[in-house]
Number of protein chains: 2
Amino acid sequence: MPRRSTRDEILAVAAAQFAHVGFKGASLQEIAAEVGCSKATLLYHFAGKDAILAALIAPAARELAALDARLAGLDARAARAAAIEGFVDLVLRHRQEAGLIYSDAARFLQEPVFAHLRPLIENLCSALAGRSSDPADCIAAEVVLGGIAGVVIDKAGEDMRDALVAVAERALITPNDKD
Amino acid sequence: MPRRSTRDEILAVAAAQFAHVGFKGASLQEIAAEVGCSKATLLYHFAGKDAILAALIAPAARELAALDARLAGLDARAARAAAIEGFVDLVLRHRQEAGLIYSDAARFLQEPVFAHLRPLIENLCSALAGRSSDPADCIAAEVVLGGIAGVVIDKAGEDMRDALVAVAERALITPNDKD
DNA sequence: ACAGGATCTGACCGATCGGTCAGGCATGCT
DNA sequence: AGCATGCCTGACCGATCGGTCAGATCCTGT
């Protein structure tokens, strides 16, 4: 196996650190120490602390964009079902990043670097709410969104997938649904 | 009205700041500036940054302890119902603190100052799960716990109470329930 | 052997962090 | 008047933060 490059090593350690103590709480010194290189090396590979975060989020952001595109073509009912499974899978595939972005959600999504994520998340939330404009449905969607994103950090195993999908479906199937 | 004391003013501003940018992200300078006093004044009223946080959490922690005691005497089914309403009310009454503690949950609950909160939250989680040991029920309870705590920051109005209780009930009534 | 780019580092920088300290300024008691 | 007490402050401290920079080291193609 092609020995992890320093760059990838940095990303892996930074992901763990950010998820563990938050973006502000993590220090370049600490990350460098854990990687086993100097702080200057971090800043050789990345323009700055922000750039590390951006590089970290990028893959998850791309998947989120893909999910968003996939949902766009579906009707409300199908979009909700697809949003639930798609979101759970996405979050399980990027535990640390998802947890990080949602632990500091309000603060991060304000910053221009992640401005493009906001409409994506809003769309996802809307899809989870079954495209309903009822505030109760929106609140339910937000609870599910934040709750799932927050619960996956530091938990092991993909075996929680079914449980997550199940709780999301229960929470989001509102009495308005006739079937 | 008895004009808010400096101490209370500090607590109010700190609560908003902590909830907004996180504990690590907030600075004493910033808080002092917003209060309209010097940083030294903060540290006259409180032993340190940690002490401000502790004072801030204390009332909510007391209510959590009271809720815990109330749940202890109930059977699983009744405890779950009471836990849902009690938790929603508690969180709505202490939006900022609840949001803060859950945005930095993993990191905070480790620190000795808040160690006593952990069993309380675990009990609450267990009650929400209907005292079930099924991992799926526990995961559902965690999603609801974190999702609700996270969604209330910066949102206005108590009118979300019904919606929160409703989504929690839907999410937590599992197929195992026979009624 | 050599050149040149990629990679990495120690030393250093200004800014800001949480926290300390001696003292200023009221107020009220004796 | 003198004195104590509560509240507040400016000046200052060491530590740590993110970030810069000149140069050492390694690797590869010629």
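Taking other residues whose beta carbon is less than 13 angstrom from the beta carbon of B:C37, and scoring Lys, Arg as +1 and Asp, Glu as -1, yields -1.
Taking the label point 7 Å along Cα→Cβ, A:E122 and its counterparts in the other copies are spaced 4.2 nm apart, in ascending order. Taking a Cβ cut-off of under 12 Å around B:V91, the surrounding Lys, Arg, Asp and Glu residues balance to a net charge of -1, with basic ones at +1 and acidic ones at -1. Ellipsoid semi-axes for chain B, based on the Cα gyration tensor and the rule √(5λ), read 34, 16, 14 Å when sorted largest first. Ordering A:V113, A:V13, B:V167 by the number of other Cβ atoms within 10 Å of each residue's own Cβ, fewest first, gives A:V113, A:V13, B:V167.
Please say if the stretch B:31-132 is rounded, prolate or oblate, where rounded means a/c under 1.5 for a ≥ b ≥ c the square roots of the C-alpha gyration tensor eigenvalues, and otherwise the choice is prolate for a/b larger than b/c and oblate otherwise? Prolate, since a/c reaches 1.5 and a/b exceeds b/c. Based solely on its DSSP helices, what 222 nm [θ] is calculated for chain A when runs of n ≥ 4 H residues each add -39,500 (n - 2.57) and the sum is averaged over all residues, nearest 500 deg cm²/dmol? Theoretical 222 nm ellipticity from helices: -22500 deg cm²/dmol. Remark: B:K155, B:K24 ranked as B:K155, B:K24, counting other beta-carbon atoms within 10 Å and listing the fewest first. Using the Cα gyration tensor of the stretch B:77-127, with a ≥ b ≥ c the square roots of its eigenvalues, what is the shape: rounded (a/c below 1.5), prolate (a/b larger than b/c) or oblate (neither)? Oblate shape, in that a/c is at least 1.5 and b/c is the bigger or equal ratio. For the residue pairs A:K39/B:K24; A:K49/B:K24; B:K24/B:K49, the alpha carbons lie more than 18 Å apart in A:K39/B:K24. Please determine, in degrees from 0 to 90 and to the nearest 10, the orientation of helix B:76-93 with respect to the longest principal axis defined by the Cα atoms of chain B, where the helix direction is its Cα long axis. Result, in degrees: 20. Neighbours of A:S27 by Cβ distance under 13 Å: Lys/Arg scored +1, Asp/Glu scored -1, total +2. The angle between the Cα long axis of helix B:49-72 and the main principal axis of chain B comes to about 20°, on a 0 to 90 degree scale.
As a proxy for reagent exposure, A:H20, A:H94 were ordered by neighbouring Cβ count within 10 angstrom, fewest first; the result is A:H20, A:H94. Cα-based values for the protein assembly as shown, radius of gyration first and Dmax second, are 21.0, 71 Å. Axis angle, to the nearest 10 degrees, between helix A:135-151 and the longest C-alpha principal axis of chain A: 30 degrees.
Shown for A:R7: label points 7 Å from Cα along the beta-carbon vector, and their distances to the equivalent points in the other copies, 5.6 nm in ascending order.
On the basis of the beta-carbon distance and an R0 of 25 Å, A:R131 and A:A65 show a calculated FRET efficiency of 0.85.
In nanometers and ordered shortest first, the copy-to-copy spacing of the B:E111 label point, defined 7 Å from Cα toward Cβ, is 2.1. Building the convex hull from the alpha-carbon atoms of the stretch A:1-46 and averaging its projection over directions returns 3.2 nm².
A short reminder: the numbers here are calculations on the coordinates, not readings from a lab. Fair warning: this is a prediction, and the values are worked out from it, not measured in the lab. Cβ: placed from backbone, ideal geometry, glycine included. Neighbour counts: every protein chain shown.
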